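The values are calculated or read from the model by the stated rules, or taken from the named source; none is laboratory data. As the structure is a prediction and not an experimental result, all values here were calculated from the model. Here Cβ is always computed from backbone atoms with ideal geometry, including for glycine, and neighbour counts include all displayed protein chains.
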């Protein structure tokens, strides 16, 4: 396992050429309270400090906290991995000209799925579609693993279970009491090579650890999905899950004050499969988020080097040789 001392060495300000410090001032970066958010913040912090010579302050945060602070204080300057679906006030602030989307945090956005293990699809290819699952409930164990009560996905899943008539097709809907038991059910089934059918989302560690197939629920109908998410929806319907927007956001003030930093943030995008794998590595190695940052930096230099300016690239070259 990578030691914390390596992370400390990689991020020490002593490694930044003094001339670089004159080019970038103080910048605050939010750190969301989940692993992928912490990783994106850590990578951003490293690039800003070591490549651009910025004086970075990391601010512990969460979706609602970040939006409230941006609305009231116009800070932090940068908010990586903001999920606007959980913070609709983002769109008001963007319309008011206070915020600007720099990039998509994930290349495919946030994803939601009804999943079956690949080993089942290898044996029974028809299970790759919802029609195949409905026609063969015994092959998936006759059960659908649903979200806990109170989660947004629970409302959409309850609408879809009605639209697809899961129970009428012999599939019991099991409502998990927590995210932990939902994950445990997937992991236990996969490692035992047992039948499984259930909901999960990404990027997440289980989607990096286990080869799951997203069941084809048919074309995306955004109007149907919007109704399905409303507890008062009277006309639930069939639809796949559309991708959720997930943005790296900066204040307009930062974009104008530090244009080179804004240009960097326009490039900071992680492929979904890449983040799934990184989260899996983090989980498999019982690593800290800091260690996952170093793991990413060590193994993806060509990618993150392509994000930075020529001058920043000169500062960063050779750090992980």
Practice prompt. Inspect region 195-204 for any residue being out of contact with any strand residue (DSSP E or B) (no Cβ under 8 Å at 6 or more places or on another chain), modelled with pLDDT of 95 or more and closer than 30 Å to residue 261 by Cβ and give the result as yes or no.
Written response: yes
Response to the item:
Within region 20-46, residues being at pLDDT 95 or above, over 27 Å from residue 85 (Cβ atoms) and touching a helix residue (DSSP H, G or I) at 6+ places or on another chain (Cβ under 9 Å) number 1
Response to the item:
Of all strands (runs of 3 or more DSSP E) fully inside region 175-278, the set with 3 or more residues that are surrounded by 22 or more Cβ atoms within 10 Å (Cβ to Cβ) is 198-202, 247-251
Worksheet entry | Criterion violated by residue 64 - all others in (1) at negative phi; (2) modelled with pLDDT of 95 or more; (3) not in a loop (DSSP other than H, G, I, E, B) satisfied | (2)
Response to the item:
residue 101 vs (1) closer than 30 Å to residue 76 by Cβ; (2) in contact with a strand residue (DSSP E or B) (Cβ under 6 Å, 6 or more places away or on another chain); (3) not assigned by TED's automatic domain parsing to the domain that holds residue 75: all pass except (3)
